[in-house]
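Remarks on the structure that follows.
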Amino acid sequence: MNNKRMLTGDRPTGKLHIGHYFGSLQNRVKLQDEYETYILVADVQALTDNFNNPEKVKQNVKEIVMDNLAVGINPEKSTIYLQSMIPEVAELTVFYSNLVTVSRLQRNPTVKTEIAQKRELFGESVTYGFLGYPVNQAADITAFEASIVPVGEDQLPLIEQTREIVRKFNSIYGDTLIEPEAYLGENKRIKGLDGNEKMGKSLGNAIYLADSEDEISRKVMSAVTDPARIKKDDPGNPDICMVAYYHNLFSKSEIKNICEECKAGKRGCVACKKQLIKNILKELQPIQEKRRYYEQRPELVKEILMEGTKNARKITKQTMEKVKKAMKLDYFA
Ligand code: TRP
Ligand code: SF4
């Protein structure tokens, strides 16, 4: 075991879905054996676009913790913590805000897309807090001196922004911060049930890790298939079928056969969907079982988060000392 650190996390705005699972959860579970692992529940960041709905953020904190535990984050090995309980991260955010320009933030592709999607909330002018959340994310990562950040593809511009802030900090105040690297798994981004490039809660096209059998069946049954196929023996095109797309993820050993039969018109779409439902349920079964274990033990979930947060702060306090020293803010040291 080396002492390299990995950090990643999610905004608590909803339960996690299979896009998260393939896009980043599987990676973090795998990497926790190799790296000292920190998983943050980014409640402060969640408030940047949910400041008017604090109850939603609060409710979802425990969902996110349970989702992480359910997929296999081991609380004995990895530290799960709550962002708002780490004051050093808020302090670092203020310090770093001098190292980034407003126009650079406005040009951040992820921020740009999100602002466009949030017209209803922000109207013509975005808040200072939302525009600046990449600075806060840089604080999350650097506070732990994380060297690796397993994320989905949409997060790459945020990691790049963090790297720029680190380089700027180090060039002005001396070599202090660690420049992190993003880690992308093989499935960078998972499409939605409707064929949209992204699976997302706001898009209504997601299968959640905690979905019931009925919900999963209903969702898969309504997934977009090859529209040209009317009769069972019409030749199909799996390349434009979302059911085939998910078979790629959930039915690895059967996929070749599925595509061949589809193309040859030897496979009915209903049977094909039923097979997918069965395979999704099989994959999610152990995850849901574990989730239920924690759902029945809310005190344990709370304790894991509290304990994790306490341990996390030991690290961020050390980083803060280094940062303050570098910035000549160590008056009484
Ligand atoms: N931006 C991430 C999301 O939208 C959440 C997040 C906050 C994060 N801080 C982070 C991810 C630090 C990785 C590293 O889900
Ligand atoms: Fe899609 Fe399966 Fe129908 Fe082919 S048979 S179009 S892969 S659902």
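Structure values in brief
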read-out: Filter result for V61 (open to solvent by 10 Å² or more (accessible area, probe 1.4 Å) and either under 19 Å from K201 (Cβ atoms) or hydroxyl-bearing (S, T, Y) (or both)); value: yes
read-out: Selection count where residues are more than 16 Å from V89 (Cβ to Cβ) and in contact (Cβ under 8 Å) with a residue 40 or more places away in the chain, scope the range 128-155; value: 9
read-out: Answer residue from the range 126-136, given it is assigned to a helix (DSSP H, G or I) and open to solvent by 10 Å² or more (accessible area, probe 1.4 Å) and is farthest from ligand 2 (Cβ to nearest atom) among those; value: Y128
read-out: Cβ-Cβ under 7 Å pairs, at least 6 apart or on other chains, the range 300-323 side farther than 17 Å from L69 by Cα, far side outside any helix (DSSP H, G or I) and charged (D, E, K, R); value: T319/E145
read-out: Top-ranked residue in the range 137-168 [being more than 11 Å from ligand 1 (Cβ to nearest atom) and outside any helix (DSSP H, G or I); ranked as nearest to A42 (Cα to Cα)]; value: E145
read-out: Near pairs, Cβ below 8 angstrom, 6+ apart or cross-chain, from the range 251-267 (assigned by TED's automatic domain parsing to the domain that holds E283 and aliphatic (A, V, I, L, M)) to any residue that is near ligand 2 (Cβ under 10 Å from one of its atoms) and assigned to a loop (DSSP other than H, G, I, E, B); value: I258/R267; A264/P235
read-out: Residue among G268, G236 that alone is surrounded by 12 or more Cβ atoms within 10 Å (Cβ to Cβ) and under 26 Å from E197 (Cβ atoms); value: G236
read-out: Residues of the range 23-55 satisfying the condition of being closer than 16 Å to L209 by Cα and touching a Lys or Arg at 6+ places or on another chain (Cβ under 9 Å); value: G23
read-out: Subset of the range 76-99 (residues that are crowded, with 19+ Cβ neighbours inside 10 Å and not in a helix (DSSP H, G or I)); value: S78, T79, I80, Y81, L82, I86
read-out: Failed item, numbered, when E114 is tested on (1) farther than 15 Å from R163 by Cα; (2) open to solvent by less than 40 Å² (accessible area, probe 1.4 Å); (3) over 18 Å from the mean Cα position of the chain (by Cα); value: (3)
read-out: Restricting the range 204-233 to residues that are open to solvent by less than 40 Å² (accessible area, probe 1.4 Å) and over 24 Å from the mean Cα position of the chain (by Cα), the residue that is farthest from ligand 1 (Cβ to nearest atom); value: R229
read-out: Scan of the range 143-187 for residues that are open to solvent by 30 Å² or more (accessible area, probe 1.4 Å), over 23 Å from L131 (Cα atoms) and modelled with pLDDT under 95, ordered by number; value: Y183, L184, E186, N187
read-out: Selected residue (criterion: nearest to ligand 2 (Cβ to nearest atom)) from residues of the range 250-281 that are touching a helix residue (DSSP H, G or I) at 6+ places or on another chain (Cβ under 8 Å), within 21 Å of S217 (Cβ to Cβ) and of a type outside the set (A, V, I, L, M, F, W, C); value: R267
read-out: Boolean, V243 is within 16 Å of ligand 1 (Cβ to nearest atom) and out of contact with any Phe, Trp or Tyr (no Cβ under 8 Å at 6 or more places or on another chain); value: no
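The values are calculated or read from the model by the stated rules, or taken from the named source; none is laboratory data. Everything numeric in this text was worked out from a predicted model, so none of it was measured. Because the Cβ atoms are built from the backbone with ideal geometry, glycine has one as well, and the counts that use them run over all protein chains shown. Heads up: the accessible areas ignore ligands, DNA and RNA and are worked out on the full protein's heavy atoms, side chains in. Shrake-Rupley method; radii C 1.70, N 1.55, O 1.52, S 1.80 Å.
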